[in-house]
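Laboratory data are not the source of any read-out in this text; all were calculated from the coordinates shown. Quantities reported herein were computed from a predicted structural model and do not represent experimental measurements. Using ideal geometry, Cβ is built from the backbone for each residue, glycine included, and neighbour counts are taken over all protein chains shown.
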Amino acid sequence: MNDIYKDNIIDHYKNPRHFGQLDKPTVSHEEVNSLCGDRIRMDLKIENDQILEVKFKGVGCAISLASASMLTEEISGRKLKEAAGIKRDRILEMLNIPMSPTRLKCALLPWEVLLKALQKYWKKKL
Amino acid sequence: MIDVNKIRQDFPILSRKINGKNLIYFDNAATSQKPESVLKTIDDYYRNHNANIHRAIHTLGEEATAMYENARNKVANFIKAARPEEIIFTSGTTASLNLVAYAWGRLNLSQNEEIILTVMEHHSNLVPWQQLAFENGLTLKYLEIDESGTIKADALEEIITPKTKLLAITHMSNVLGTINPIKEMIKVAHRHNVTTVIDAAQSVPHLPVNVQSLDCDFLAFSGHKMLGPTGVGVLYGKQKQLEKMPPFFFGGHMIKEVYLEKTLFNEIPAKFEAGTSPIAQVVGLGAAIDYLEKIGMDNVREHEKALTDYALSQLAQIEGLTIYGPKNSQIRGGVIAFNLHGIHSHDVAQILDAEGIAIRVGNHCAMPLHTALQIPASCRASFYLYNTKEEIDLLKKGLLKTKKVFL
Ligand SMILES: Cc1ncc(COP(=O)(O)O)c(C=O)c1O
């Protein structure tokens, strides 16, 4: 029936990886999806252009939280350039579920948070 | 009591399958479905009578004008307005409320004067006043809800001051279902010379409303929530208010005489209906009112009350489910907002959709209310005259299934 609620989605939703917040993040950013009240915040610890640590926190549906959890796994330890180069299709590939336009917003919210956090970091560094 | 099975046959969309299941439409607070008679009326209007209205000396123009004005009479009669000129056609509740805010509010509200609203308002009865408050330096005051999601008329008495000039309040909450004691509140307001604006988007479609007995100054509602088409709504205003109120949209039809250096405006209601009106939609709204009157608004209300009682008792049996708003259907319409503990409302809606059940999730254009309830979002099931107890049973089943997916 529900192709969306695959085991791995439910697993990431119930046991989100990298959930919480960092003590002294180099940069953090939060975005809200005002349509449904979802809210995702991401803390990054960055050194030598590398993401040493990442944590996220937020309220949201299974899709947005699973997406955040998967994304943090994906970027942890990666170079900033690589993280910034993650394409939207990669997010959809990780989730690997049928996606209606409304749910797309949920799925992509964490990715937007990441990109904005990186932009913020680079702006600050300049 | 009404014959639901017979009614259901009048609504073609109810025979649709969604994901292989019979459609269960529980999103009526957002918009209602349309009966065959409304669809046919609109079709017939375009096929046989279509013309622009007013000032036409040809047969079609005269027919279209008569149909349009006849719908105005139907609306006036439906809400028991004293005269049809008190009915202004707009594009919907939002447009009606903005019209009052801009045309009446700008002229009548000045620095430091107060508007009283409630925390349960739909954004369309909040943001226009808030913007006006910024512009004119007004103060907004909000009536809070108690634990049962209601507001008492006494609470109004307590916060009114000599500076209060306007009370803008919803008749029925689109989230909590709460039916506010507006008749008493309007009485209190008028005792203090406070003008009253009623958001009746959720009440006019579902219960008998009598504007003369309420004695409100303005009242707004939408056609699409009461079996009519989108694109048409109503602003009711007392004649003396509308006559004093300056027009807001300027252009054709709202004028009497135009000179290069000045313009004389038309009488009400034309003064507020500049440009070509949504003629087919107005005519369609007339057909919707015919349909509702044939069923009887008392019967619609009774049916929905029974559904609400049933749903409240059934949903309360689901562990971890919180229902917001009053538990007493005497003061509650057929709107039930709830949350399943630990499951986001989006996920609930998605799983129900797979069962053919349409509910709405999010903040339902009432973000301040959700903030007051300390929840980011809620699920909302809302009923109409074609819904049944069997559908509520299936909703319950769907919710239990949802829990199973997540727990
Ligand atoms: C209580 C209430 N007020 C106002 C509105 C706005 O109505 P519309 O979108 O038709 O202008 C709605 C419906 O969305 C509502 O439920």
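Couplings for region B:158-167, taken from phi via the Karplus curve 6.51 cos²θ - 1.76 cosθ + 1.60 with θ = phi - 60°, read 5, 9, 6, 10, x, 7, 6, 10, 8, 10 Hz in order; Gly and Pro are left as x.
Under 8 Å for C-alpha pairs, at least 6 residues apart: give me the relative contact order for chain B, rounded to a whole percent. Write down the numbers at each step before the final one.
On the way: 792 pairs, mean separation 94.2, N = 407.
About 23 percent, as a whole number.
Subtracting the Cα-Cα distance of B:Thr371 and B:Asp154 from 0.36 nm times their residue separation leaves 75.7 nm of extension gain. Note on region B:244-302: Lys pairs 8 or more places apart or on different chains, Cα atoms under 24 Å apart, count 5. Relative to the longest principal axis of the C-alpha atoms of chain A, give the angle of the C-alpha long axis of helix A:62-75, reported between 0 and 90° and rounded to the nearest 10°. Once rounded, the angle reads 40 degrees.
Scanning residues 5 or more positions from B:Ile18 or on other chains, those with amide H under 5 Å from its amide H are B:Leu23, with H placed 1.01 Å from N in the peptide plane.
An ellipsoid equivalent to region B:115-238, defined through the eigenvalues of its Cα gyration tensor, has semi-axes of 22, 16, 15 Å when rounded to whole angstrom and sorted largest first.
Taking only the Cα atoms of the protein assembly as shown, the ratio Rg/Rh comes out at 1.02, with Rh defined as the Kirkwood radius. Output the 0 to 90 degree angle, nearest 10, between the alpha-carbon long axis of helix A:101-125 and the longest principal axis computed from the alpha carbons of chain A. Around 0 degrees separate the two axes.
Taking the Kirkwood radius as the inverse of the mean 1/r across Cα pairs, report the Rg/Rh of region B:39-293.
Working: Rg = 18.6 Å, Rh = 18.8 Å.
Checking Rg against Rh, the ratio lands at 0.99.
For chain B, complete DSSP H runs whose alpha carbons reach 20 Å or more along their own long axis and whose mean Kyte-Doolittle score is 0.5 or higher are B:279-295. Put the Cα centre of region B:95-109 next to the Cα centre of region A:32-108 and the gap is 44 Å.
Placing dummy labels 7 Å off each Cα toward the beta-carbon, the span from B:Tyr142 to B:Asn328 is 2.5 nm.
The order of the peptides A:57-65, B:290-298, B:269-277 by mean Cβ neighbours within 10 Å, most packed first, is A:57-65, B:269-277, B:290-298. Note on B:Lys240 and B:Leu107: their simple-model spin labels are 1.5 nm apart, each label 7 Å out from Cα toward Cβ. Against the empirical 2.2 N^0.38 Å (N residues), region A:40-79 has a Cα radius of gyration ratio of 1.19. Calculated [222 nm] ellipticity per residue, helices only, for chain A: -15000 deg cm²/dmol; basis is -39500 (n - 2.57) per DSSP H run with n ≥ 4, divided by all residues, nearest 500. Per residue of peptide A:57-68, the mean number of Cβ atoms on other chains within 10 Å of the residue Cβ is 3. Per residue of peptide B:347-354, the mean number of Cβ atoms on other chains within 10 Å of the residue Cβ is 5.
Pairs to check: A:Lys81/A:Lys125; A:Lys81/A:Lys105; B:Lys21/B:Lys396; B:Lys34/B:Lys225. Give those whose C-alpha atoms are more than 18 Å from each other in this structure. Numbers along the way, then the final one.
Numbers: A:Lys81/A:Lys125 15 Å; A:Lys81/A:Lys105 24 Å; B:Lys21/B:Lys396 16 Å; B:Lys34/B:Lys225 9 Å.
Check vs 18 Å cut-off fails for A:Lys81/A:Lys105.
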